[in-house]
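Here the structure is laid out as structure tokens; the discussion comes afterwards.
Please treat every number below as a calculation from the coordinates, not as lab data. As the structure is a computational prediction, the values presented were derived from the model and not from experiment. Note that each Cβ is placed from the backbone with ideal geometry, even for glycine, and that neighbours are counted across all protein chains shown.
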Amino acid sequence: MKTCILILGIILLSACSMRDMASMDEPTTQLKDLQDLDKDGVIEARERCAETYPGASIDNYGCGRVKEINERQELKILFANDSFYIDPKYHGQIEKIAAFMEQYPNTKVTIEGHCSKTGSYEHNMSLSQNRANAVTQVLAQKFGIDPGRLTAIGYGYDRPVDPTHTQLAHTRNRRVIAAVTGSDSAADMKWTIYTVDGPIK
């Protein structure tokens with residue numbers, strides 16, 4: 001029995017020693033393109049959508065996911081009492097809306113004017129409309145946005161965010177909202193560890 005095991009071991013060892021060895025003297029040819037030119041994490045051999053928007057959420061073939069544009073943003077513009085004059089120090093906020101609209105040329109914006117519940121209904125409707133108009137005028141005249149893409153609506157005090165009658169409520173209810181919508185699509189961005197530092201929508 002021991003002899004059989006010894007002979008079997010010798011046969012196995014000799015078979016291992018007779019295995020062919022391949023030489024690597026010649027360079028090998030890479031059949032697939034393993035580069036990632038647009039840095040989206042998908043190699044070129046699989047890539048179907050080149051030049052993905054940086055940071056966009058993508059599928060297995062490098063194609064970015066998109067979402068319809070439907071953004072609402074409150075502009076932190078403080079109007080003087082019973083006035084619709086916009087101090088130039090607030091133009092920076094309006095410029096952000098203009099820059100977004102330039103990036104997505106098929107978008108439109110509706111500027112909503114809101115007032116606090118002080119004074120007559122008719123007066124507040126007119127005041128809120130004038131405040132909304134003032135924002136659209138800055139967008140058109142200062143930042144060159146086509147007036148055909150701009151709508152201004154005054155809601156008076158019909159849509160309060162705080163229905164109480166405190167001074168704080170009056171301040172909160174005097175606001176301007178920019179609602180941007182359009183047939184353009186924005187890239188759906190990847191979630192990252194830093195996402196929590198951004199505004200929650």
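Tabulated results
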{"read-out": "Around Tyr85: net Lys/Arg minus Asp/Glu count, Cβ-Cβ under 15 Å", "value": "+2"}
{"read-out": "Karplus 3J(HN,Hα) series, Hz, for segment 122-134 with 6.51 cos²θ - 1.76 cosθ + 1.60 (x for Gly, Pro)", "value": "4, 5, 5, 4, 5, 5, 5, 5, 5, 5, 5, 4, 4"}
{"read-out": "Efficiency of FRET from Cβ geometry, Gln141 and Glu44, R₀ 41 Å, rounded to 0.05", "value": "0.30"}
